[in-house]
Amino acid sequence: MEKRVAHVVAAAALAMIVQLPAAHAQKKQLTLCWAAWDPANALVELSKDFTAKTGVQMKFEFVPWTSFADRFLNELNSKGKLCDLMIGDSQWIGGAAENGHYVKLNEFFDKNGIKMSDFLPATVLGYSEWPKGKPSYWALPAMGDAVGWTYRKDWFSRPELRAEFKQKYKRDLAPPRTYDELKQIGEFFQGRMIDGKKVYGVYLFTERGSEGITMGVTNVLYNYGFDYSDPHKPYKMDGVVNSADAVRGLEFYKSLYQCCTAPGLTNAYMSEGLDAFKSGQVAMQMNWFAFFPGLYKDPKVGGDRIGFFPNPGAKKHFTQLGGQGISVVSYSANRDAALQYIKWFAQPDVQKKWWSLGGYSCHKAVLNDPGFKSSAPFAADFLASMQMVKDFWAEPSYAELMLAMQKRVHDFVVANKGTAKQALDSLVADWTRVFKDDGKL
Amino acid sequence: MSADGANGKGSPPAPRGPSLVERAAALTPAVLARRVRGLSDRTVAWLFISPTILLLLAITIFPLIWTVKLSFTNYRANRPNAEIHGVGIDNYVRVLTDADVWAAMQATAHFLFWTLLLQTVLGFALAYFLDRRFRGHGFWATVILIPMMLSPAVVGNFWTFLYQPQIGLWNYAVEFVTGIPADSFSMIGSIDLAPWSIIIVDTWMWTPYVALICLAGLRSIPGYIYEAAEVDRASRWRQFWTITVPMSLPFIMLAVLFRGIENFKMFDMVNLLTNGGPGSTTELASITLKREAFEKWRTGYSSAFAIILFVTVFGLANIYVRALNRVKSR
Amino acid sequence: MLRREVSVRHAHSAVEPSRASKRIAATIVILYALGSTVPLVWIVMTAFKSSTDSIAYPPVLLFEPSREGFCNLFFTHTRQTEEYIAAMPPATGVCDRIARDRGMVIAGPSNFKPRFLNSIIIAFGSTALSVLLGMTAAYAFSRFRVPGKDDLLFFILSTRMMPPIAIAIPIYLMYRELGLSDTRLGMILLYTSVNISLAVWLLKGFIDEIPREYEEAALVDGYTRLQAFRKVVLPQAATGIVATAIFCLIFAWNEYAFAVLLTSGEAQTAPPFIPIIIGEGGLDWPGVAAGTSLFLVPILVFTVLLRKHLLRGITFGAVRK
């Protein structure tokens, strides 16, 4: 009797032990950290395919843009184990690479046949490489993005407005191709009564806290001739950052802010822009392409009422690069599973589905497909924009460089402190000090 | 009987009154009264105090000392592998000569002054009226208390919504009450009005707190003083200024002390309301500190700044408490 | 020196205010009370508006109530193509239907419930610990001759003067080394340590007011010091304990700076979560408003039920020398 009991117990124990590894494998879970916005929701949906194929459950940690850098840079600096995969901002690459936060992916790419040449060069440079220009990869390009514009096509189509505009400016009321044209349209709509409500011309980024106003002003500055440093002498900024052209560009952004924007938007970034446009306050809105699918589907301003155009030019033609790459966090306990996710994400068919759900794929198979340009009303503008993108510093001390520019630009444009030349001169001083502290100067 | 008691048979405490004193006096005071079973007083005292002291040492004092140590180095928390070396008082010099730091202190001083003034006046007035004890005053006192139970961060956040000129309630409410058109101004948008926007929200939140303390002060004034004044035929006005205000003064000063310390450290509400903008007009000291410490990761520099802030508030509070004690002992 | 009577019952102006002055006082107070609740009422209203209504320009007073805010608070959504939605099984429940109308699908529960739960655990946990430690320390300071008592008391009070961001820096580093980053224990210890100064200070005031004779009697009767503490002092100090608990709870419940700097996924409380509730692309004001309203409820209930103790708490804490 006792022997039988002992046998049963032993059998049960054995069964349990045998069960354990299998159960353990099924509990595998990956946490992916990104910003909380429309494309993130699309990624949740897309990832169901990964779970179906590998059985690995996906958990997501999304934080809105205004706290995104704060929260996740903090997480990386504290060697947190929360995130296995991180879709970090393009400018974090330098810091993440040099401080050992991300896993270097070259070896993995080679072993698994993932080729960087399959992705748009601007995205490889912007989202994956550090140092820039060297084939050393820390992320897979995940979300292509750039600053673009939306406008109220329905307002632009009104005959009385068209007539009035033509009479005043001697050209048709149409999406602007230069910033001077944009300012004229902005002035035209500013303070006008449409459908019984006062509307305004333009929505610009002015956010002070994280990166907003910088991401807005660079779209004008680049086109006026601003650059970060001498192309031949890295880190030589005097005369380049604060050149006469750059000063004119900064003054132009301020004049645009003062003449043609809605009152009260002194700390406004993506969210406020969407609110302003969706509630019918502005004729033209600057924002990231990432939001355009959602705007197109909006019940109030979507569909036929909305139109898109790429960032207008001036002397030059650039637009500010957005977008992110997906990386594996080196403190993660699930590195292999995370790498599997990257491998799955790089497949062309997954990339195609990514685009259809609202994510901006960077894969050439998607972007060069003949049907791409007509797949959405903003697709062609997106392609055009990605050909002319320019990015902010991606140095390890990126946060300090960004905060300095945020302060100087916001002080001048919004808080009316000093002149444009003074703002840019102070910026050169700030950046010089940062690079000196870093040992790069 | 007393022998039984001394053996500790666990009888309930004797009723109070002369008999107790007699009993206590009858016992041999020093030796027997102190003889207790179990732990001695000394042990109990240390048992009771040490967890508190240990916790404070670990989580407040030790970090404070560490901060002082860090303030003399060039340490940066986001570069754990970089070499650390001492920089003497360099950080302190940099902090004290930084124009931005002085601007932040100015913004903080402006904020402190106006919030303390408004909250004291409004709070005391509210307390005074509540003390009239009209019907239902208890209910309305509770209603007034509600804003102070909210999280300051959440408050800062939804007031951005309220202050939005186009979609928020504030501008339209002002137009309704005063006739100034709703689209002619913007609270958090303009450089002149932004400092007032944070003062208004803070006053909205914390006036009830001040009112509560002042109410306690008003209630503590004994009735017979007023009676005496009535007998002397002092006017209401005179009574107010010679009795009510002076006797509630310690409480008012206490409220000012608490609110002063809290507002000096203010971070959450302002950070979510204006983020220090426009420009740096509402960038209070704590916001600058957070930027330096957790966004730029200049740990050494921000430690020096933190120590300077602490010493400032400590010194000011010290002076103030001494004045308060003098008022109390009058 | 006058001994101030702190009994709330009969200390008031002996000359009863006139009916007229009472009416004026009532009008002013009621006006202020109504005015100061308007923002809150507006937020609660916003919680029941649809997203479009909440950003209506100009703002709307009359609107069709919608549960969209609460749906955004409790669930996450993803955008889907129309064909995909058409192919899905029919919508189950209000939130599902609302989402489908906008071309979205419910993806799963949001982080609100775990954050709210964390708030409850951390706030109540640290309050209990603060009151326990504060009570014992206050008793010791009140009854025993502790060497350096005044200095210790001032030191305890001064810990409250440090800006939270300032001690966040070393605590961040310390917790990182000790592995207390993003843990509930870490946050409970931190909040307790911040609240202890207030707790000791307030409770000492209460205990000072309790005559020593009661304990002396108990000691004479053979109770140990601990028993005397438990059976005599604690019941008498009940009001003070409740008042202290309310203040500690309000602080811990609403705290933001430490929560946002020292926690991430595991131990984060609700205040960092509520201001960042995202709808379609931007901040979802009905969702934020819904979160704000729900988060206020526990504290509101707690404080309203115990409001009498609040007044006594301030009274005693303030009067003691």
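The values are calculated or read from the model by the stated rules, or taken from the named source; none is laboratory data. Only a predicted model underlies this, so the values are computations on that prediction, with no experimental measurement involved. All Cβ positions, even for glycine, are placed from backbone atoms using ideal geometry, and neighbour counts span all protein chains on display.
A few notes on this one:
- Tally of residues being outside any helix (DSSP H, G or I), aliphatic (A, V, I, L, M) and within 14 Å of chain A (Cβ to nearest Cβ) across the stretch B:72-122: 4
- Looking across the stretch A:130-140, the residues that are in contact with a Phe, Trp or Tyr (Cβ under 9 Å, 6 or more places away or on another chain) and farther than 12 Å from A:Ile326 by Cα come down to A:Trp130, A:Ser136.
- Being surrounded by fewer than 18 Cβ atoms within 10 Å (Cβ to Cβ), in the same structural domain as C:Ile120 (by TED's automatic domain parsing) and assigned to a helix (DSSP H, G or I) holds for only one residue in C:Leu203, C:Leu173, C:Leu226, C:Leu219, and it is C:Leu226.
- Any hit, the stretch A:123-135, residues being within 14 Å of chain C (Cβ to nearest Cβ) and under 30 Å from A:Lys297 (Cβ atoms): no
- Those residues of the stretch C:45-56 which are closer than 18 Å to B:Trp204 by Cβ and out of contact with any Leu (no Cβ under 9 Å at 6 or more places or on another chain), in sequence order: C:Thr46
- Test: residue in the stretch B:268-284 that is surrounded by 21 or more Cβ atoms within 10 Å (Cβ to Cβ) and of a type in the set (D, E, K, R): yes
- Every residue from the stretch C:63-95 that is assigned to a loop (DSSP other than H, G, I, E, B) and charged (D, E, K, R): C:Glu64, C:Arg67
- In the stretch B:217-234, the residues that are farther than 14 Å from C:Pro17 by Cβ and more than 7 Å from every other protein chain (Cβ to nearest Cβ) reach residues that are crowded, with 19+ Cβ neighbours inside 10 Å and modelled with pLDDT of 85 or more with C-beta atoms within less than 9 angstrom, at least six apart or across chains, in these pairs: B:Gly217/B:Phe124; B:Gly217/B:Ala127; B:Gly217/B:Ser248; B:Gly217/B:Ile252; B:Gly217/B:Ala255.
- Applying the criterion of being among the hydroxyl-bearing types (Ser, Thr, Tyr) and within 20 Å of the chain's Cα centre (by Cα) to the residues of the stretch B:117-153, the residue that is farthest from C:Leu305 (Cα to Cα) is B:Thr120.
- Per-region count, the stretch B:242-251, residues more than 9 Å from every other protein chain (Cβ to nearest Cβ) and crowded, with 21+ Cβ neighbours inside 10 Å: 1
- The one condition in (1) more than 7 Å from every other protein chain (Cβ to nearest Cβ); (2) without any contact (Cβ under 8 Å) to a residue 24 or more places away in the chain; (3) not in a loop (DSSP other than H, G, I, E, B) that B:Ile180 fails to fulfil: (3)
- Within the stretch C:124-157, the set of residues being under 25 Å from B:Ile308 (Cβ atoms) and without any contact (Cβ under 8 Å) to a residue 24 or more places away in the chain comprises C:Asp151, C:Phe154, C:Phe155.
- Within the stretch C:284-301, residues that are under 20 Å from C:Ser66 (Cα atoms) have Cβ atoms under 7 Å from residues that are charged (D, E, K, R) in these pairs: C:Pro286/C:Lys49; C:Pro286/C:Glu68, counting only partners at least 6 apart in sequence or on another chain.
- Some residue of the stretch B:92-111 being touching a Cys at 6+ places or on another chain (Cβ under 9 Å) and in contact (Cβ under 8 Å) with a residue 12 or more places away in the chain: no
- Whichever residue in the stretch B:162-177 is more than 8 Å from chain A (Cβ to nearest Cβ) and β-branched (Val, Ile, Thr) and, among such residues, is surrounded by the most Cβ atoms within 10 Å (Cβ to Cβ): B:Val174
- Checking each residue in the stretch B:282-304 for being part of a helix (DSSP H, G or I), more than 8 Å from chain C (Cβ to nearest Cβ) and among the hydrophobic types (A, V, I, L, M, F, W, C) picks out B:Ile287, B:Ala304.
So that you can scan it fast, the table gives a plain yes or no per residue for (1) without any contact (Cβ under 8 Å) to a residue 60 or more places away in the chain; (2) crowded, with 16+ Cβ neighbours inside 10 Å:
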residue: A:Lys373; (1), (2): yes, no
residue: A:Phe378; (1), (2): no, yes
residue: A:Phe382; (1), (2): no, yes
residue: A:Tyr398; (1), (2): no, yes
residue: A:Lys417; (1), (2): yes, yes
residue: A:Asp425; (1), (2): no, yes
residue: A:Asp437; (1), (2): yes, no
residue: A:Leu441; (1), (2): no, no
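- Cβ-Cβ under 6 Å pairs, at least 6 apart or on other chains, the stretch C:67-78 side within 14 Å of chain A (Cβ to nearest Cβ) and more than 14 Å from C:Thr52 (Cβ to Cβ), far side of a type in the set (Asp, Glu) and surrounded by fewer than 24 Cβ atoms within 10 Å (Cβ to Cβ): C:Thr78/A:Glu45
- Residues of the stretch C:43-62 that turn out to be hydrophobic (A, V, I, L, M, F, W, C) and either in contact with a strand residue (DSSP E or B) (Cβ under 7 Å, 6 or more places away or on another chain) or part of a helix (DSSP H, G or I) (or both), as a count: 4
- Verdict on A:Leu105 being aliphatic (A, V, I, L, M), buried (at least 22 other Cβ atoms within 10 Å of the Cβ) and in contact with a Phe, Trp or Tyr (Cβ under 7 Å, 6 or more places away or on another chain): yes
- Residues in the stretch B:183-201 that are of a type in the set (Ser, Thr, Tyr) and within 33 Å of the chain's Cα centre (by Cα) were compared, and the one that is nearest to the other protein chains (Cβ to nearest Cβ) is B:Ser186.
- Verdict on B:Phe158 being surrounded by 21 or more Cβ atoms within 10 Å (Cβ to Cβ), within 8 Å of another protein chain (Cβ to nearest Cβ) and not in a loop (DSSP other than H, G, I, E, B): yes
- Residue match in the stretch A:248-257 (condition: in contact with a helix residue (DSSP H, G or I) (Cβ under 9 Å, 6 or more places away or on another chain), polar (S, T, N, Q) and crowded, with 19+ Cβ neighbours inside 10 Å): no
- Hits in the stretch A:245-275 - residues which are within 14 Å of chain C (Cβ to nearest Cβ) and not aliphatic (A, V, I, L, M): A:Pro263, A:Gly264, A:Asn267, A:Tyr269, A:Ser271, A:Glu272, A:Gly273, A:Asp275
- Helices (runs of 4 or more DSSP H) contained in the stretch A:301-395 and holding at least 1 residues modelled with pLDDT under 95 and of a type in the set (A, V, I, L, M): A:335-345, A:348-357, A:364-367, A:379-386
- Condition check for C:Asn111: under 22 Å from C:Gln268 (Cα atoms) and either modelled with pLDDT of 90 or more or more than 9 Å from every other protein chain (Cβ to nearest Cβ) (or both): no
- The set of residues in the stretch B:141-155 that are of a type in the set (Gly, Ala, Ser) and either assigned to a helix (DSSP H, G or I) or on the phi > 0 side of the Ramachandran plot (or both) comprises B:Ala141, B:Ala153.
- Filter result for A:Asp275 (without any contact (Cβ under 8 Å) to a residue 24 or more places away in the chain, of a type in the set (Asp, Glu) and assigned to a loop (DSSP other than H, G, I, E, B)): no
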